[in-house]
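A.B. asks: Submitted below is the structure of interest, expressed as structure tokens.
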Amino acid sequence: MRFVHGQSAGSKSPEYRSWTNMRNRCQNPLNANFPRYGGRGITVCQRWDSFEVFLQDMGPKPSLKHSIDRMDNNKSYEPANCRWATRAQQMRNTRRNCNLTWNGITLCLPEWAERLGLPKETLVSRIKAGWTAAEAIETPVRVGEKFSHNGLSLSVSGWAKKLGLPAQMLRDRIKRGWSITDALTKPVRNNGPSRS
């Protein structure tokens, strides 16, 4: 597919529209989004004054659901700071999100909640209560706290009943730092005599 100034078969490409919108947000004071971009110092690198170079650096959008995303929201639009991302990825990469760093890994609260299998609200309430990142992440859940997996949130005893697993085994796995996915899906070792 040959692009000439953003034209593909007579219509503007999605990449060209992204390039134009990015530049307008940063360079046009009349643009409604200018205060959040150009108005706070976000610029477009000089290299991307050319659409062809922008497209060469970014490549085509993986899908129509992808748009340009700055990985560090305080830095400008430039090759090292930009990617094509889905709306869900971008929502996890906003200035409003609370990021936690634990064991050298920095993730936003929804990502930690997903990784740990905890409802996001549990982590939010712990952080609002003044807990450190380590306390919020490492503290075992109390009775009644729920774990999320595959869109379902249940307590440890609820998961044990649903899956036919010993509740104490699940509690032990979680206390040892297993992710909720591993705690619920790893096979139970049978140390008893083998049955042939």
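A.B. asks: Do you know which of the residues in segment 148-175 that are outside any helix (DSSP H, G or I) and within 29 Å of the chain's Cα centre (by Cα) is surrounded by the fewest Cβ atoms within 10 Å (Cβ to Cβ)?
C.D. replies: If we filter segment 148-175 for residues that are outside any helix (DSSP H, G or I), which is where we start, we get 148-155, 164-166.
Among the residues that remain, those that are also within 29 Å of the chain's Cα centre (by Cα) are: 148-155.
On the way: 148: 17, 149: 17, 150: 8, 151: 5, 152: 11, 153: 14, 154: 16, 155: 17.
Among residues in segment 148-175 that are outside any helix (DSSP H, G or I) and within 29 Å of the chain's Cα centre (by Cα), the one surrounded by the fewest Cβ atoms within 10 Å (Cβ to Cβ) is 151.
A.B. asks: Given the conditions (1) open to solvent by 50 Å² or more (accessible area, probe 1.4 Å); (2) out of contact with any Pro (no Cβ under 9 Å at 6 or more places or on another chain), and given that residue 44 satisfies all but one, which numbered condition is not satisfied?
C.D. replies: For residue 44, the exception is condition (1).
A.B. asks: Tell me, please, whether a residue that is free of Cβ contacts under 8 Å to residues at least 24 places away in the same chain, outside any loop (DSSP other than H, G, I, E, B), in contact with a strand residue (DSSP E or B) (Cβ under 8 Å, 6 or more places away or on another chain) and loosely packed, with under 15 Cβ neighbours inside 10 Å can be found in segment 96-119. It would help to see each step written out before you state the result.
C.D. replies: First, pick out the residues of segment 96-119 that are free of Cβ contacts under 8 Å to residues at least 24 places away in the same chain: 96-97, 99, 103-111.
Next, from what is left, pick out any that are outside any loop (DSSP other than H, G, I, E, B): 99, 105-111.
Restricting the remaining residues to those that are in contact with a strand residue (DSSP E or B) (Cβ under 8 Å, 6 or more places away or on another chain) gives 99, 106-109.
Checking which are loosely packed, with under 15 Cβ neighbours inside 10 Å leaves us with 99, 106.
Yes: one or more hits.
A.B. asks: How many of the residues in segment 52-90 are closer than 23 Å to residue 39 by Cα, among the aliphatic types (A, V, I, L, M) and loosely packed, with under 15 Cβ neighbours inside 10 Å?
C.D. replies: 2
A.B. asks: Can you tell which of 153, 179, 125, 157 is farther than 29 Å from residue 90 by Cα and polar (S, T, N, Q)? Can you show your working first?
C.D. replies: Numbers: 153 fails: farther than 29 Å from residue 90 by Cα; 179 fails: farther than 29 Å from residue 90 by Cα; 125 fails: farther than 29 Å from residue 90 by Cα.
157 is the lone residue from the list that is farther than 29 Å from residue 90 by Cα and polar (S, T, N, Q).
A.B. asks: Same structure, new question: Residues of segment 31-75 being out of contact with any Phe, Trp or Tyr (no Cβ under 9 Å at 6 or more places or on another chain) and assigned to a helix (DSSP H, G or I), which ones?
C.D. replies: 34, 35, 36, 38, 39, 40, 46, 49, 53, 56
A.B. asks: While we're here: If I ask for residues that are at pLDDT 90 or above and open to solvent by 50 Å² or more (accessible area, probe 1.4 Å), which ones from segment 1-22 would you list?
C.D. replies: Keep residues of segment 1-22 that are at pLDDT 90 or above, which gives 13-22.
Scanning segment 1-22 gives 17, 21.
A.B. asks: Related question: List every residue pair whose Cβ atoms sit under 8 Å apart, with the two residues 6 or more apart in sequence or on different chains, where the first one lies in segment 68-79 and is under 10 Å from residue 44 (Cα atoms) and the second, anywhere, is among the hydroxyl-bearing types (Ser, Thr, Tyr) and open to solvent by 60 Å² or more (accessible area, probe 1.4 Å).
C.D. replies: Short answer, once both residue conditions are applied: 76/43; 77/43.
A.B. asks: Please state which one of 132, 122 is of a type in the set (Val, Ile, Thr) and open to solvent by 30 Å² or more (accessible area, probe 1.4 Å).
C.D. replies: On the way: 122 fails: open to solvent by 30 Å² or more (accessible area, probe 1.4 Å).
So the residue among 132, 122 that is of a type in the set (Val, Ile, Thr) and open to solvent by 30 Å² or more (accessible area, probe 1.4 Å) is 132.
A.B. asks: Where residues in segment 26-39 are out of contact with any strand residue (DSSP E or B) (no Cβ under 9 Å at 6 or more places or on another chain) and open to solvent by 80 Å² or more (accessible area, probe 1.4 Å), which of them is modelled with the lowest pLDDT?
C.D. replies: That would be 36.
The values are calculated or read from the model by the stated rules, or taken from the named source; none is laboratory data. Since we're looking at a predicted model, the values are computed, not measured. Cβ atoms come from the backbone with ideal geometry, glycine included; neighbour counts cover every protein chain shown. Accessible surface areas use protein heavy atoms only, side chains included; no ligands, DNA or RNA. Shrake-Rupley method; radii C 1.70, N 1.55, O 1.52, S 1.80 Å.
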